[in-house]
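Below: one structure, written as structure tokens.
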Amino acid sequence: VSRVIPVDTFDLVIFGGTGDLARRKILPGLYRRFTGGQMPPDSRIIAAARSEMDDTAYRAQVRAALEEFVPAGKRDEAGVAGFLERIHYVAIDATGTSGWADLKKMMRPDVVRAFYFSVAPSLFGALAERLHERGIAGPQSRIVVEKPFGRDLESARALNRVLALHFAEEQIYRIDHYLGKETVQNLMAVRFANILFEPLWKAQYIDHVQITVAETVGVGGRGAYYDTSGAMRDMVQNHLMQLLCLIAMEPPYHFDPNAVRDEKLKVIRALDPVPPEDIVRGQYLAGGGQESYVDHAGNPRSRTESYIALKVHIANWRWKGTPFYLRTGKRLRARASEIAITFREPPHSIFDDAEDWRENVLVIRLQPDEGINLKVMIKEPGPGGMRLTQVPLDMSFAEALGPDGEDIPDAYERLIMDVIRGNQTLFMRGDEVEAAWAWADPIIAAWERRGDRPKTYEPGTSGPEDALMLMHRDGRRWREIR
Ligand code: NAD
């Protein structure tokens, strides 16, 4: 079923190769690409991190990570052994001099070179400088940078500036793993490869859009860090914003990195400022055997939000009059990410049972169970007369791929392969990130200036009560989180 598009032979350096992200996402993702036959046999993964160890010791760590994060049914000894042979380790100090000569010696001149910065953003500048000045990275090399990309416009600009000293924009891959999800790309296929949707894709026919990213986990062990960020910075400015852009953008003239990113940028620039009455922020209370947000944050006076809901307007011809409701939070009822596009009612009903009537909704589900689902009205089957009922037209990818077919690639594995291929379409451009901060900054500044306190909410619910009002007020309601 699957068509694996081979990539060129590469040397991929993972700075922070002993870190949490490398263990949970990057290495398991690469393992699946290796066993999926996409990683050319002479490609190598070179982990670079602070601890002193040799290849053997590092490979043992990778084996443990695969055992923990790749399900037993999806790995076998031959695959693991073959993968580990592709892996090397260099001890390096990002801000010092040790290890850099070793790394340089290891890099091969005639293969794709990519450098994944899976370290704290405060080290990005030092890494970029050393890679460039020591001639380890050349004009064809690529760097991949993780989130967070700044905490406001000023810091994002500073980060862009320091990277630009050493790398061209075409070499910089800013990861937003939401863009690597199968369904998110399918959203673009559904929109731009069918005639059905695009004519209706405007305020005239779409009542509103809901984007939900709900998590069940709290901020737990990273509470102290999270408390300096919050849901707006951690989730809305990047992930929810990217999803909003893909729904709202004009058709790009070609599915090409800059054409797509130009259209996304126009959407961000068209966003209206959000007034305080269109924002609800929340903090979870203790419950279910877990501490409250402020306890996790270690800060009883914290004003940082673990939940946010907001109503956003896009001021352009296509979207004038169609609000986008965004919400994201921790310790909610279920782990669920989805985009729901609710169409308007038909202009006139010819049927009597108007109370059974429901709007068409296009639901794009990102997790769990990736898939797209269109709710349409039909006649209730059977002899009951002309009664209406709503049924889903379901496009579930697991089924489309066949019962024992290929798994849907994880976002990280797909994005890393895009880096090797040199395709930036699913990565954020520097100006996009800055524009998103330019929109978010005044919103954050306003609540900080007023000293607003987030509302509290019970864990295991759908968030603060006030968030319900944000919708009710407009005669609408949130979809259930499940
Ligand atoms: P981590 O703290 O678990 O790992 C940090 C890594 O950086 C370690 O391998 C460490 O050896 C290395 N390191 C630290 N200082 C160094 C130095 N001076 N020289 C060389 N190496 C050094 O961090 P993480 O959770 O893996 O996160 C890495 C990056 O990914 C961060 O930017 C983070 O914001 C981002 N990120 C992480 C997650 C996640 O789920 N962990 C999710 C999204 C984004």
Among the candidates Ala126, Ala168, residue that is surrounded by fewer than 14 Cβ atoms within 10 Å (Cβ to Cβ), on the phi < 0 side of the Ramachandran plot and not basic (Lys, Arg)
Ala168
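Residues checked against (1) of a type outside the set (D, E, K, R); (2) part of a loop (DSSP other than H, G, I, E, B); (3) surrounded by fewer than 17 Cβ atoms within 10 Å (Cβ to Cβ):
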| site | (1), (2), (3) |
| --- | --- |
| Val119 | yes, yes, no |
| Ile136 | yes, yes, no |
| Arg151 | no, yes, no |
| Glu154 | no, no, yes |
| Ile195 | yes, yes, yes |
Is it the case that some residue within the stretch 176-185 is among the small types (Gly, Ala, Ser) and either under 19 Å from Glu434 (Cα atoms) or more than 16 Å from the ligand (Cβ to nearest atom) (or both)?
no
When both residues are 6+ apart or on different chains and their Cβ atoms are under 7 Å apart, which pairs have a first residue that lies in the stretch 102-118 and is within 16 Å of Ile14 (Cβ to Cβ), and a second that is assigned to a helix (DSSP H, G or I) and away from the ligand (no atom under 16 Å from the Cβ)?
Val112/Ile420; Ala114/Ile420
Checking the conditions here, which among Val280, Val267, Val274 is more than 20 Å from Gly223 (Cα to Cα), touching a strand residue (DSSP E or B) at 6+ places or on another chain (Cβ under 8 Å), part of a helix (DSSP H, G or I) and modelled with pLDDT of 95 or more?
Val267
Does the stretch 250-259 contain at least one residue that is modelled with pLDDT of 95 or more, surrounded by fewer than 23 Cβ atoms within 10 Å (Cβ to Cβ) and touching a strand residue (DSSP E or B) at 6+ places or on another chain (Cβ under 7 Å)?
no
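Rundown of residues vs (1) out of contact with any Gly (no Cβ under 9 Å at 6 or more places or on another chain); (2) of a type in the set (Val, Ile, Thr); (3) over 26 Å from Ile443 (Cβ atoms), yes/no style:
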{"residue": "Gln140", "(1), (2), (3)": "no, no, yes"}
{"residue": "Glu146", "(1), (2), (3)": "no, no, no"}
{"residue": "Leu153", "(1), (2), (3)": "yes, no, no"}
{"residue": "Ala156", "(1), (2), (3)": "no, no, no"}
{"residue": "Leu165", "(1), (2), (3)": "no, no, yes"}
Any idea which of (1) away from the ligand (no atom under 15 Å from the Cβ); (2) β-branched (Val, Ile, Thr); (3) over 24 Å from Val419 (Cα atoms) is the one Thr95 doesn't satisfy?
(1)
With Ser118, Ser122 as the choices, which residue is within 16 Å of the ligand (Cβ to nearest atom) and within 18 Å of Arg23 (Cβ to Cβ)?
Ser118
Scan the stretch 131-144 and give yes if some residue there is free of Cβ contacts under 8 Å to residues at least 24 places away in the same chain and within 16 Å of the ligand (Cβ to nearest atom), otherwise no.
no
Whether any residue in the stretch 197-215 is surrounded by 14 or more Cβ atoms within 10 Å (Cβ to Cβ), within 23 Å of Ala309 (Cα to Cα) and within 16 Å of the ligand (Cβ to nearest atom) is what I want to check.
yes
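Here's the yes/no breakdown for (1) farther than 17 Å from Glu413 by Cα; (2) surrounded by 13 or more Cβ atoms within 10 Å (Cβ to Cβ); (3) not basic (Lys, Arg):
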position	(1), (2), (3)
Thr9	no, yes, yes
Ile14	no, yes, yes
Leu30	no, yes, yes
Gln38	no, yes, yes
Glu52	yes, no, yes
Val70	no, yes, yes
Lys74	no, yes, no
Gly79	no, yes, yes
Leu103	yes, yes, yes
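Just the residues that are over 15 Å from Ile206 (Cβ atoms), charged (D, E, K, R) and surrounded by 14 or more Cβ atoms within 10 Å (Cβ to Cβ), please, taken from the stretch 359-386. Before the answer, list the steps.
Taking the stretch 359-386 and keeping what is over 15 Å from Ile206 (Cβ atoms), we get 365-373, 376-386.
Going one step further and asking which of them are charged (D, E, K, R), we end up with 365, 369-370, 379-380.
Selection gives Arg365, Glu370, Glu380.
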Regarding Asp176, is this residue surrounded by fewer than 19 Cβ atoms within 10 Å (Cβ to Cβ), at pLDDT 95 or above and of a type in the set (D, E, K, R)?
no
Could you please let me know if Arg63 is of a type in the set (Lys, Arg) and either surrounded by fewer than 14 Cβ atoms within 10 Å (Cβ to Cβ) or in contact (Cβ under 8 Å) with a residue 40 or more places away in the chain (or both)?
no
Residue count, the stretch 98-115, condition among the aliphatic types (A, V, I, L, M), touching a Phe, Trp or Tyr at 6+ places or on another chain (Cβ under 7 Å) and within 13 Å of the ligand (Cβ to nearest atom), comes to 0
Any residue in the stretch 293-322 that's at negative phi and surrounded by fewer than 16 Cβ atoms within 10 Å (Cβ to Cβ): show its pairings with residues that are among the acidic types (Asp, Glu) and at pLDDT 95 or above at Cβ separation under 6 Å, as long as the two are six or more apart or on different chains.
Asn299/Asp227; Ala315/Asp272
Within the bounds of the stretch 297-305, is there any residue that is in a helix (DSSP H, G or I) and among the hydrophobic types (A, V, I, L, M, F, W, C)?
yes
Return yes or no: is Val162 away from the ligand (no atom under 16 Å from the Cβ), of a type in the set (A, V, I, L, M, F, W, C) and at pLDDT 95 or above?
no
Here are some residues: Arg482, Arg473. Which one is at pLDDT below 95 and of a type in the set (Lys, Arg)?
Arg482
Residues that are part of a helix (DSSP H, G or I), free of Cβ contacts under 8 Å to residues at least 12 places away in the same chain and farther than 16 Å from Ala309 by Cβ: does the stretch 389-398 have at least one?
no
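Against the definition (of a type in the set (Asp, Glu) and within 15 Å of the ligand (Cβ to nearest atom)), how does Glu154 come out, yes or no? Before the answer, list the steps.
Numbers: of a type in the set (Asp, Glu): yes; within 15 Å of the ligand (Cβ to nearest atom): no.
No; evaluated as a whole, the condition is false for this residue.
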Is it fair to say Ala411 is out of contact with any Ser or Thr (no Cβ under 6 Å at 6 or more places or on another chain), at pLDDT 95 or above and within 27 Å of Ile372 (Cα to Cα)?
no
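The values are calculated or read from the model by the stated rules, or taken from the named source; none is laboratory data. Values in this document were obtained by computation on a predicted structure and should not be read as measured data. Note that we place each Cβ from the backbone using ideal geometry, even for glycine, and neighbour counts take in every protein chain shown.
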